[in-house]
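What follows is calculated from the coordinates using simple rules that are stated; it is not laboratory data. This one's a predicted model, so the numbers in the text were calculated from it and none came from an experiment. Quick reminder, even Gly has a Cβ in these numbers, built from the backbone with ideal geometry, and neighbours come from all protein chains shown.
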Amino acid sequence: MAAWYLKKSVTPPTKTSPPALPKLANVETNVENLVNWDDIVGFLLTFPDTELTTTWNNPAIKTGGRLVAWWRDAADSPESIALKVDPSEKLALIADPNSPFYTIEHFEKTGTQAVLVQPELVPAQELQELLTEAWRLNAKARVRRDWEAQQ
C-alpha cells in the first residue's frame with residue numbers, strides 16, 4: 001500500500017488548531033508531571049549532546065544542532081510545545097479529533113515533521129516517551145548508539 005505522502009495529488013489529513021480541551025488548573029509541576037517548559041528542558045538536558053538555545057526567538061532544545069523541541073506561544077498555538085516526530089507518528093497523533101496533539105498550517109507548508117501540544121494535557125509517561133523519541137530521531141548516530149548502549 002502506497003503511503004499518502006508518496007502521492008503528490010493527495011492531501012494528508014490535518015488538524016490545524018489547538019484542541020478544545022480545558023486547561024488543568026492548579027497542577028503541581030515537577031519532573032514526573034512534565035507540565036511546563038522548564039520541566040521539559042530539565043528532562044531533555046539529561047540526554048547527551050543537548051543544549052538549551054533558541055529558534056526564531058523561541059526557547060528550544062537541540063541535539064547536535066538539530067531541533068528536538070521548542071516552546072511556542074502564538075495565536076495558532078497557545079502555550080504549546082512543538083516536538084519533532086516521525087512522519088507516520090505525526091499522522092497517528094493528529095488523526096484523532098479528540099487528541100491533544102495538533103499541527104499548524106506553517107508546519108504543513110514547510111514539511112516540518114513536528115506536532116504541537118499543551119504539555120499539561122498529556123500524561124507524563126507519554127510525554128517522556130515522545131520527548132525521548134524526538135531526541136533519538138535527531139541525535140547523531142554515534143551519540144544515540146552510545147546512549148542506547150548505556151540504557
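Return the tail of the calculated pair distribution for segment 29-142, meaning the percent of Cα-Cα pairs more than 24 Å apart. Display every interim value, and only then the final one.
On the way: 1065 of 6441 pairs.
Everything past 24 Å amounts to 17 percent.
Can you sort K140, K84, K109, K90 so the residue with the fewest Cβ neighbours within 10 Å comes first?
K109, K140, K90, K84
If R₀ is 41 angstrom, what is the calculated FRET efficiency for the pair E105 and A149, using the beta carbon separation as r and rounding to 0.05?
0.50
For D86 and N98, calculate 0.36 nm times their separation in residues minus their Cα-Cα distance, and state this gained length in nm to one decimal. It would help to have the intermediate numbers written out before the result.
Values: separation 12, 0.36 × 12 = 4.32 nm, distance 2.04 nm.
Length gained between D86 and N98: 2.3 nm.
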